[in-house]
1. How big is the antiparallel share of DSSP beta bridges in the chain, given as a percent to the nearest 5?
2. Using a 10 Å cut-off around each Cβ, can you sort M332, M1 from fewest to most neighbouring Cβ atoms?
3. Along region 40-46, what does the Karplus equation 6.51 cos²θ - 1.76 cosθ + 1.60 (θ = phi - 60°) give for ³J(HN,Hα), rounded to whole Hz, x for Gly and Pro?
4. Name the longest site-free stretch of the chain, where the excluded sites are trypsin sites (Lys or Arg not before Pro) in a DSSP loop with no more than 16 other beta-carbon atoms within 10 Å.
5. Explain nothing, just compute: Karplus ³J(HN,Hα) = 6.51 cos²θ - 1.76 cosθ + 1.60, θ = phi - 60°, for every residue of region 104-121 in order, whole Hz, x for Gly and Pro.
6. Using the Karplus equation 6.51 cos²θ - 1.76 cosθ + 1.60 (θ = phi - 60°), what ³J(HN,Hα) coupling, rounded to whole Hz, does each residue of region 205-210 give in order, writing x for Gly and Pro?
7. Amide H neighbours of V347 under 5 Å, at least 5 residues apart or on other chains, H built in the peptide plane: list them.
8. Output the 0 to 90 degree angle, nearest 10, between the alpha-carbon long axis of helix 326-340 and the longest principal axis computed from the alpha carbons of the chain.
Amino acid sequence: MTTAAIIVAAGRGLRAGGGVPKQWRPLAGRRVADWTLERFHAAQIDHIVLVLSGEDRAAWAEFETSGLILAEGGADRATSVRNGLRALGNLGIDKVLIHDVARPCVSAQIIADVLAALDDHQAAAPGLAVTDALWSGEGGKVTGTSDRSGLYAAQTPQGFLYNAIVAAHAAHPGAAADDVEVARAAGIDVAIVPGDADNLKITRPEDFARAEIILGTAMDIRLGNGYDVHRFGPGDHVVLCGVSVPYERGLQGHSDADVGMHAVTDAIYGALAQGDIGQHFPPSDPQWKGAASEIFLSHAVDLAAEMGYRISNIDCTLVCEYPKIGPHAAAMGRQMAQIMGLNADQVSVKATTSEKLGFTGRGEGIASLATACLVRA
């Protein structure tokens, strides 16, 4: 399944104050839009579309090299969404999430629940059951009450099978409060998944204070370190951080002896307090003999996601006299970033020597140290 998310960020949103659209206002040290985008990057969505106003030229310039797909907003929300859907037209999308940029506190659980619901439904959206009494009023006085049973407060992201929502929007060219309205007008049943009171939509100035509290209390940062060593043996290359580097010797080990990737993997396990590679992939088990270390790293990344964490950044240092790492370091960083679903600037690979001291200085092997920073999604 290929997934996508459309982040609608074309509104002017000046009611929230600050003199600029609310998505560009600072929130807990970052901008609202930055928090929102981070939540969907952490969910490892395949493609993310950011719908921007034609007036936000600075944002267009900032994000054009970010890896996001950019689309221009329209005169109303429905038009903006249609433009975002059109931008995904040739990418073979199966599931699409449509989210308001002004909901920066959306949880990993809501995103996962909506995507999972699309396995059995054409559409799904989070909703909060209304628990407060409902009044009607006029002139500052209560004029009546309403039955709240069966009522829900709508939230985003709202998820759809891509082809179904494209057809629904094509048949509904007018404005709509949200995409659930568009889907229902086309006869599509929409499943309700549990919403979250913390998934607030920033609308008024006071909403910023509440969002800052939510983002602050949700912060759970973990650090892990990893260390690994492999000795040289016969061979004509070494595999380091997923990249094959020509050399007069190889590295010995039960798997492919990728000392860098092993250290990074153990750093992630360490941050999660989940042991090390040997506990998850025992060297006594013959099925892992000669295995690609990508298997171990992918397992650690998946485990982090299952436990509700995203990887913020990775720092890996290779310690050796030879081979020279510098010419290959960037490729190593990119390779590991791809495996972990991260941006290249979130993975650092560098090298140092031990000034000809110790086993690395004598050219007997390579050591690696790694640090991983994980943040609860």
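1. Details: 43 of 69 bridges.
Of all bridge pairs located within the chain, approximately 60 percent are antiparallel.
2. Working: M332 25, M1 9.
Neighbour counts put them in this order, fewest first: M1, M332.
3. Result, rounded to whole Hz: 7, 4, 5, 7, 6, 5, 5.
4. Numbers: sites that count: R12, R148, K289, K324, K356, R362.
After excluding every exposed loop site, the longest remaining stretch is 149-288.
5. So the J values, rounded to whole Hz, are x, 9, 4, 8, 4, 5, 5, 4, 5, 5, 5, 4, 5, 5, 6, 5, 10, 9.
6. Couplings: x, 5, 5, 5, 4, 5 Hz.
7. So V347 has HN proximity to I314.
8. Roughly 50 degrees, rounded to the nearest 10.
FYI, it's all coordinate maths here, none of it is from the lab. Remember, predicted model here, so these are calculated numbers, not experimental data. Because the Cβ atoms are built from the backbone with ideal geometry, glycine has one as well, and the counts that use them run over all protein chains shown.
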